[in-house]
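S.K.: Before I ask anything, here is the structure I am working with.
The values are calculated or read from the model by the stated rules, or taken from the named source; none is laboratory data. Keep in mind that what you see is a predicted model, and the values were worked out from it rather than measured. Every residue, glycine among them, receives a Cβ derived from its backbone with ideal geometry; neighbour counts consider all protein chains shown. Quick note on the areas: whole protein, heavy atoms, side chains included, nothing else; ligands and nucleic acids left out. Shrake-Rupley method; radii C 1.70, N 1.55, O 1.52, S 1.80 Å.
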Amino acid sequence: MKEWIKAVGSRKPGTRNLSYDEAVAAAHAIARGDSTDAQTAAFLMAMRMRGETEEEMTGFIDVFRKYSLPYRSFSHSLNSAGPHNERSCFPMTIPVSLLLASVGFPQVLHGGESFSPRTGQSMKSLLEGLGLQIVLGAREWEAVFLQLGIGFIWTELMCPPFGRVRPVRDQVGLRTLLDTVEQAMNPVHSQFIILGVRHKTAMERLLKLLPKSGVETAYLIQGIEGTEDLPLHKSSSIRKVTPWGDEATTIDPGTFGFHGAPLEKCGKERQLQLLERIIQGEEAPELHNEREHVVFNAGLRLYWFDKVGSYEEGFQLARSLLQRKEAFKLLVKWRELSGIGQSGKLSRKKKSG
């Protein structure tokens, strides 16, 4: 591993980019555990400071995919993954995914644990808080997904090397190339992907990587907290990526008659309370802002991925599905099939206000 650290991290003459084969060798050393924690940290920080090339990123993605569990292909699904797993605001992509899956559009969520659980929650933690069994083997996961058309894949179970380097990433405390690798894994070979990015540099990097992974249509979103969730109080930059090129545009919610306040930051319990009430179709005035965020984002995705004929039709369908409690019905089935039964939090008595 030392030779790769010297190649990418030294300030002396000779510092250079790694070839694809060299990146593959470095990735194998990290994935197998041949690299010490100190060496892995040094390599990741050197790459972060210098910036990764397309060949280097491709090499790491290819290697980490080889160490992943062999999930079967579900090509007609939509894969949703933000750039990190820490969400300190209402995580609207959970109810949005439930709504889309309820009309037969398969939804795949994936991610790891939160690096800073006191400041934000991981998707895994929130789904477990809703009463779902997340730690499922590949065959168990596929059985649930085949019946429901929705599922969450825990990255560290899917690809053990992510679990192995978890302590190193936690101690480094900064985003590294492994965050991009984690985003681009596409575990069930989805043709459709929606990813959250924090800045244009990350967006440009993914623009080059996604077409190589068999993706037919991808949307890269500079959303709330770097997630794939678009806010209502301001416009958002997006890029649509296909094998034939990419298109940049800006989405202004006001164009479609949507207006709202910024989502407030809140802890896990508050996020779960909001999720429970929204998913159950409540229409209380104090939930209006969060509910409208869900309708807006669900409507966008329905139109972007050709499930409806217009944006307006997408918004109307999303609103109707919420009112009919379709997200809640699907979540109940998901809990039952994932092994939790009726003991999840959504079956408890709702709190007033």
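S.K.: Select from segment 9-62 the residues that are open to solvent by 50 Å² or more (accessible area, probe 1.4 Å), polar (S, T, N, Q) and either modelled with pLDDT of 95 or more or within 22 Å of the chain's Cα centre (by Cα) (or both) and list them in ascending order.
M.R.: Within segment 9-62, no residue meets the criteria.
S.K.: Could you go through segment 232-252 and let me know if any residue there is assigned to a helix (DSSP H, G or I), open to solvent by 10 Å² or more (accessible area, probe 1.4 Å) and small (G, A, S).
M.R.: Scanning segment 232-252, I find no residue that is assigned to a helix (DSSP H, G or I), open to solvent by 10 Å² or more (accessible area, probe 1.4 Å) and small (G, A, S), so the answer is no.
S.K.: I would also like to ask the following. Return the residues of segment 63-81 that are open to solvent by less than 10 Å² (accessible area, probe 1.4 Å) and within 14 Å of F152 (Cβ to Cβ); say none if nothing qualifies.
M.R.: Passing the criteria: S77, L78, N79, S80, A81.
S.K.: Moving on to the next point. When the residues of segment 210-231 are narrowed to those that are modelled with pLDDT under 90 and of a type in the set (S, T, Y), which ends up least open to solvent (accessible area, probe 1.4 Å)?
M.R.: Only one residue tops the list, namely T227.
S.K.: Condition (residue is more than 27 Å from R270 (Cβ to Cβ) and either in contact with a Ser or Thr (Cβ under 8 Å, 6 or more places away or on another chain) or among the aliphatic types (A, V, I, L, M) (or both)) applied to segment 129-139: is it met by at least one residue?
M.R.: Yes: one or more hits.
S.K.: When you go through (1) closer than 23 Å to I153 by Cβ; (2) surrounded by 20 or more Cβ atoms within 10 Å (Cβ to Cβ); (3) at pLDDT 95 or above one by one for I278, which number turns out not to apply?
M.R.: (1)
S.K.: Just one of S338, S310 is in contact with a helix residue (DSSP H, G or I) (Cβ under 8 Å, 6 or more places away or on another chain), hydroxyl-bearing (S, T, Y) and surrounded by fewer than 16 Cβ atoms within 10 Å (Cβ to Cβ); which is it?
M.R.: On inspection, the qualifying residue turns out to be S310.
S.K.: Please specify each residue of segment 40-71 satisfying the condition of being assigned to a loop (DSSP other than H, G, I, E, B) and either aromatic (F, W, Y) or touching a Leu at 6+ places or on another chain (Cβ under 9 Å) (or both).
M.R.: E52, T53, Y67, L69, Y71
S.K.: Oh, and also: Which residue pairs have Cβ atoms under 6 Å apart, sit 6 or more places apart or on different chains, and have a first residue in segment 151-179 that is aromatic (F, W, Y) and a second that is buried (at least 22 other Cβ atoms within 10 Å of the Cβ)?
M.R.: F152/L127; W154/K124; F162/T155
S.K.: Here is a list: E290, E264. Which entry is within 28 Å of G104 (Cα to Cα) and of a type outside the set (S, T, N, Q)?
M.R.: Just a single option satisfies the conditions, and that option is E290.
Yes/no per residue for (1) over 23 Å from L99 (Cβ atoms); (2) modelled with pLDDT of 90 or more:
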{"position": "G149", "(1), (2)": "no, yes"}
{"position": "I153", "(1), (2)": "no, yes"}
{"position": "M158", "(1), (2)": "yes, yes"}
{"position": "V172", "(1), (2)": "yes, no"}
{"position": "R175", "(1), (2)": "yes, no"}
{"position": "E182", "(1), (2)": "yes, no"}
{"position": "I194", "(1), (2)": "no, yes"}
